Amino acid sequence: MNRIQVTFLFSITIASLNCFAQDATEIVKKADDLMQGLSSQSEMEMKVIRPTWSRIITFKSWGKGRDLSLTLITSPPKESGQSFLKLKNDMWSWNPTINRIIKFPPSMMSQGWMGSDYSNDDILKESSIVKDYTHKIIGSEKVSGYDCYKIELDPKENAAVVWGKIYLWISKGEYYELRAEYYDEDGKKVKTHLMSEVKFMYDRKLPTLFEIQPADKPNQKTEVRIISTKFNIPLAESFFSQQNMKALK
Amino acid sequence: MLLSFELFAQETKPRSWELKGNLDDLQMIQFSKIETPWLIDNQINNRIDFSWNPSKWFRTGIGMRNRFVFGESLTQDTTRKGSLTFDPGLVNMTWDTYSARSFILLTELDRAWVSFKSGKAELTIGRQRINWSQTIVWNPNDIFNTYSFYDIDYPERPGSDAVRLQVYPSSTSTIELASGWNSEGKITVAGLGRFNSEGYDFQFLAGLVGDQDYVIGSGWSGNIAGAAFRGEVNYYQPKKHFNDTTGLLLATLGADYTFRNSLMLTFQVYYNQLPANYTPLGLLSIYQAPLSPKMLSFTEWNIFLQGSYPFTPLFDGSLSLMYYPELKGYFIGPTLNYNLKQNIDISLFVQYFNGRFTGTGPLKDRDYYFSSCLSTLRMKWSF
């Protein structure tokens, strides 16, 4: 093999690797877009499940892109009316009982939201699985009957993320993110997300039930079910404001 | 924006009114030392909050508090009934509905307001909570409301009879003007500006408190290395002696950090310059809200440390510690809370104080040890 041939082969390999990497990012982006839309409004029900009890919390949430989100607790009565605002990297909570907005410190982000296995980061989506990670297709596997890409995500340098590694299973035709495994910086599995109950919602079909299963506590989990959702609705940026977080209903 | 509101109206159809509240019973035991006589008290509280929001530009809300208080504190302390029925607001809305020697039924409106909204401006008139706090335990910036951290049963805190204009120039900034009057008709009027910059919320305020002192102040909330970093500073100068050096400084710094295992640590240090003629009233007065935002503690220096930990999402506990250097005194306050059913909580609060009233500064005229232990068991139903 002469030198030119080697170079040629090498460039093809590089090109195909690049192409593959782009594909992986593209797949993750499509799966992410399916669940996000440009702007959305949803009503959700969260069930925190433990061996001897369970607790149901309902909430509404509004989002626009990655940077803007608002969440309002609608039940149970003790917590209803509390709201959470996220603008880029700043987060606030509004507590109507004490009539006060409290700024969230970053150390609160990894905490379970409202006592669930869902972290504040999951709810407020501080980090982006598209922008903050590199993506690589590492195989194909079946999840709940769907043929899925298995994609490995590694955090980009300097990205402010809480995970050391993520594996995603995304269905090949529909881009449903059906399974996700989250690992800490030491490579230890922290939790698994399972998505199921594909239904038609507003303008698309998507999984409507999310289960979060902590790796070290096999007998507990949290289920989040989408009750209703709308995508790509007109939501002004000014909707995501401290003034509005007090007025939400 | 308009369009999006219409969409929501179709989608969620929220009710224009809301009725919320709770009912709780507190069983209290208080003693100085465990072998000394116990004071046994009970209190049944009911809170009802009603709000009505018939249109985009108008809202109104009423908060009612009914309390049935009985027990030995009431029969032994003749001033207690007076302090329970005292309403700090301009309009008396606290009523002794029915009482005899051993009990009192109190009815109180601590919220009664109407609010008008036009775009980014809101005007609220009536009894309302104006909360300008940034820190957790002592809040010098919170000049419209004073409260006692130790008063476990009143998370809502009293309201003030006030007129308040709030303008929101951006998503994360506020300009406020508020004017309130106390039971003696003395005015507190102040302006506040709050904005967000570089991950910090900053606020600045200036005004007149109790028709007596000019105040300037500042507060912030931000973070250092993942921990929340908060602070508040107020400086008072008497209206009458404006050119003297008789001002008072109140300043506090606090930090809180939540570990991965959900343990949350809160630290706060508070400095309250006390007036030259100050004499301490004794530790028992701390359960009541301070009468002036100029004096939020009974010692100059106060150090607070709290650890709280959710053993499960239904069962959590905390331990608060305070140190008052001038008294060589301390406070220990463990609490436990258990969420018995979706809307029922059972809680235990223990509050132990010990201090030596002696030493330096404004506290030099007293010299005695004092200790007090108050234990409260609370059963609370939220609806």
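Laid out as a table, the results:
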read-out: Debye equation applied to the C-alpha atoms of region A:80-219, log10 I(q)/I(0) at 0.12, 0.17 Å⁻¹; value: -0.58, -1.08
read-out: Surface accessible to a 1.4 Å probe, per residue, for the residues of chain B, Å²; value: 48
read-out: Taking the C-alpha atoms of chain A, convex hull volume expressed per residue in Å³; value: 159
read-out: Label-point separation, B:ILE344 to B:ARG15 (7 Å along Cα→Cβ), nm; value: 2.3
read-out: Percent carbon-and-sulfur accessible area, region A:64-144, ignoring ligands, DNA and RNA, probe 1.4 Å; value: 50
read-out: Candidates B:ILE143, B:ILE29, B:ILE152, ranked by Gaussian network fluctuation over chain B, Cα under 10 Å, top entry; value: B:ILE152
read-out: Isotropically averaged projected area of chain B, using the convex hull of Cα atoms (one quarter of hull area), nm²; value: 21.7
read-out: Residue with peak Gaussian network fluctuation, chain A [Cα springs, cutoff 10 Å], from A:LYS29, A:LYS230, A:LYS199; value: A:LYS199
read-out: For region B:215-343, convex hull volume per residue from C-alpha positions, Å³; value: 159
read-out: Using alpha carbons only: equivalent-ellipsoid semi-axes of region A:95-173, gyration tensor based, whole Å; value: 32, 17, 9
read-out: Size of charge dipole - region B:167-234 - debye, nearest 20, with Cβ of Lys, Arg +1 and Asp, Glu -1, no other charges; value: 120
read-out: Value of relative contact order over chain A, rounded to a whole percent, pairs C-alpha under 8 Å and six or more apart; value: 20
read-out: A/B buried area, accessible surface, summed, 1.4 Å probe, Å²; value: 4300
read-out: Solvent-accessible area lost in complex, 50 Å² minimum, residues of region A:56-99 relative to chain alone, 1.4 Å; value: A:PRO77, A:LYS78, A:THR97, A:ILE98, A:ASN99
read-out: Computed magnitude of the charge dipole of the protein assembly as shown (debye, nearest 20; Cβ of K, R +1, Cβ of D, E -1); value: 820
read-out: Label-point separation in nm, B:LEU265 to B:ASP25, each point 7 Å along Cα→Cβ; value: 4.0
read-out: Unit charges at the beta carbon, dipole of the protein assembly as shown: most positive-side option, A:ALA31, B:GLY193, A:SER54; value: A:ALA31
read-out: Over 24 Å (Cα to Cα) - which of A:LYS47/A:LYS249; A:LYS191/B:LYS380; A:LYS30/A:LYS150 fall in this group; value: A:LYS191/B:LYS380
read-out: Inter-label distance for B:LEU377 and B:THR85, nm, one decimal - labels placed 7 Å from Cα along Cα-to-Cβ; value: 3.2
read-out: Among A:PHE84, A:ALA159, A:PHE210 - extreme Cα towards positive end, dipole of chain A, charges at beta-carbon; value: A:PHE84
read-out: Convex hull per residue volume in Å³, alpha carbons only, for region B:175-222; value: 57
read-out: Anchor B:LYS186: lysines whose Cα lies under 26 Å away (excluding residues fewer than 8 positions away in-chain); value: B:LYS81, B:LYS239, B:LYS240, B:LYS294
read-out: Separation of alpha-carbon centers, region A:167-188 and region B:153-223, rounded to whole Å; value: 47
read-out: Cα-derived Rg to Rh of the protein assembly as shown, Kirkwood definition; value: 1.02
read-out: Linear extension gain, B:TRP301 paired with B:LYS56, 0.36 nm per residue minus alpha-carbon span; value: 83.5 nm
read-out: Centre separation in Å (Cα based) which lies between region A:59-111 and region B:75-128; value: 30
read-out: All aspartates and glutamates inside 16 Å of A:LYS172 as judged from Cα atoms, apart from same-chain residues fewer than 8 positions distant; value: A:ASP23, A:GLU26, A:ASP32, A:ASP33, A:GLU141, A:ASP147, A:GLU152
read-out: Between helix A:3-36 and chain A: long-axis angle, C-alpha atoms, 0 to 90°, nearest 10; value: 20
read-out: Förster radius 41 Å - calculated FRET efficiency between A:LYS136 and B:ILE224 (Cβ-Cβ, nearest 0.05); value: 0.70
read-out: Rg(Cα) / (2.2 N^0.38 Å) computed for region B:67-184, rounded to two decimals; value: 1.28
read-out: Area projected by the alpha carbon convex hull of region B:134-198, averaged over all directions, nm²; value: 5.7
read-out: Per residue accessible area of region A:181-243, 1.4 Å probe, in Å²; value: 46
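The values are calculated or read from the model by the stated rules, or taken from the named source; none is laboratory data. Keep in mind the model is a prediction, meaning the values are calculated, not measured. Here the Cβ is made from the backbone with ideal geometry for all residues, glycine too, and neighbour counts use every protein chain on show. Quick note on the areas: whole protein, heavy atoms, side chains included, nothing else; ligands and nucleic acids left out. Shrake-Rupley method; radii C 1.70, N 1.55, O 1.52, S 1.80 Å.
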